[in-house]
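I have placed the structure first, in the form of structure tokens, so that the comments after it can refer back to it.
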Amino acid sequence: MRLHTYATICAHTKKPKIHPTIRRSNAHYYPPPPVESPNSTQFPPQSLKTRLKLLSSPNFRLRYIYRNIDKSRQAFLSINYKATIRKQPLCAIYLLPLLILRKALCTLEYYSQPLTQSKILAYQLPKPPKLSGFICLPALLLQKLARIGLMPLSSFMHARIFARFLLGRVDMPYFELVLTTRCTLRCESCNNLMQYFDSSNSYTCTLEGIAKTLEALLAKIDSIYNVRIIGGEPLLFKDIDKVVKILDSSKKVKSFDIVTNATILPKPALLDALQASAKCFVSISDYTKSPNLDIKLHIHKLQEILQARKIPHHILWQETKSAWFSPGKIYKRGRDRQGIVENFLACQMPCVSIMSHETIGRSLPTKLESSPKSFMATTQNKTKADPFSKVSSTQSSVGEIFICPIASSLSRLNGLEEFSGDFISLDSTCDKYTILNFYAKEFFKACDYCHDMAAPKKPIPIAVQTSTTLKLTP
């Protein structure tokens with residue numbers, strides 16, 4: 001359904017002014033932050049005044065408020081209300097009108113889309129030139145009706161998000177739950193950096209570890225609109241059906257989905273768990289357009305299985321002109337603090353990534369063994385300088401929250417110590433206000449590893465495969 005997406009919201013949101021990056025000779029060193037940044041955005045929101053101060057941050061509004069509004073709409077469109085009504089018939093009193101509204105909006109969109117995307121409209125029509133307008137008119141009217149029908153609901157969602165925030169609630173809009181870095185493919189431009197992992201540094205959580213991570217996180221927030229289960233290939237995780245049951249049993253999780261590349265088929269236990277859930281769906285990545293993919297994809301077979309079980313699903317990258325954007329090489333650029341902040345503001349990736357505190361990067365224990373005293377002294381200094389730095393307390397942590405999947409993967413490749421201050425440790429010191437302040441933060445060391453995000457994006461073919469493990473070098 002064509003709604004106001006996160007990209008549309010970003011386009012109409014006033015972004016912070018970005019100045020040209022100033023390069024320094026000692027660019028590898030991050031100088032101490034000025035008094036106003038980043039600590040000026042880290043307010044203790046015990047009062048309405050401090051929460052209003054958080055709202056004054058454009059970065060916070062974009063990453064938290066508007067993202068929550070967008071994800072609440074998506075949850076409205078993806079939740080299986082029919083299954084909920086079958087389980088709890090009394091819910092039909094308030095769910096049935098929502099179901100009718102959603103069906104009407106989807107029907108209007110379904111009939112208007114073929115007209116607006118018709119091939120005849122892609123070519124210059126003969127005179128009179130207003131003929132194209134007459135052809136588009138029915139489609140435009142249908143789209144307008146759909147949007148008018150959504151306006152009251154959209155206004156209610158806006159008001160609800162702002163009200164919950166001002167009343168002290170913490171609603172995470174979205175996060176990606178990484179179960180494993182193992183994958184059946186090796187895409188050269190994977191945004192989750194799976195092409196940089198091999199058997200010596202791979203990450204796979206345990207069921208106990210990821211359950212503790214989710215329990216710790218859900219205890220600190222009031223709701224989460226969407227959880228995306230990713231990998232690698234998440235179907236390689238043997239206990240994924242139990243992860244689905246954990247998410248489905250939590251009232252704080254509004255919706256969740258699993259992303260698979262369709263190289264392997266789900267096991268019966270997973271299908272049973274998905275079929276029993278009223279708030280899950282499956283996202284199938286269609287990589288048939290890959291120029292050098294030699295592994296068989298089971299997209300049609302997977303669709304048949306899901307349709308037979310009435311499990312909601314949709315296919316990604318199915319459009320004719322689908323393309324990826326090149327992430328470039330991932331390596332430490334050596335930008336100064338201002339340059340890293342500017343790169344983050346130019347990116348604004350809406351993903352937040354979560355991993356359990358297992359198989360942590362090898363560089364951390366190596367440094368502890370080689371020089372434990374100097375390492376701990378350095379860590380304590382960094383912790384005092386930045387309240388987000390939790391490396392010294394990671395032994396009590398059950399997981400970490402990262403700004404994006406690239407940052408979470410880098411923590412496994414290089415170790416947490418290098419990125420102290422970038423993440424939130426889910427330990428006893430973390431609370432809901434720590435999570436809120438995380439959404440107002442602008443400086444992340446992991447952003448130094450990405451290419452210039454302000455430069456024009458270069459489209460590339462989907463899922464180009466590589467036979468080698470890439471390195472974090474230029």
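Positive contributions from Lys and Arg (+1) and negative ones from Asp and Glu (-1), summed over other residues with Cβ under 13 Å from the Cβ of residue 326, come out at +1. With all protein chains in place and a 1.4 Å probe, the accessible surface of the range 302-347 carries 53 percent carbon and sulfur. Counting Lys and Arg as +1 and Asp and Glu as -1 over every other residue whose Cβ lies under 13 Å from the Cβ of residue 463, the net charge comes to -2. Computed over neighbours whose Cβ is under 12 Å from that of residue 239, the net charge equals +2, Lys and Arg +1, Asp and Glu -1.
Using every pair of separate Cα atoms, the Kirkwood estimate puts the hydrodynamic radius of the range 187-250 at 13.5 angstrom.
The values are calculated or read from the model by the stated rules, or taken from the named source; none is laboratory data. Predicted model only: the values in this text are computed from it and were never measured. Positions of Cβ are generated from backbone atoms using ideal geometry, with glycine treated the same way; all protein chains shown enter the neighbour counts. What goes into the accessible areas is simple: the full protein's heavy atoms, side chains included, and nothing from ligands, DNA or RNA. Shrake-Rupley method; radii C 1.70, N 1.55, O 1.52, S 1.80 Å.
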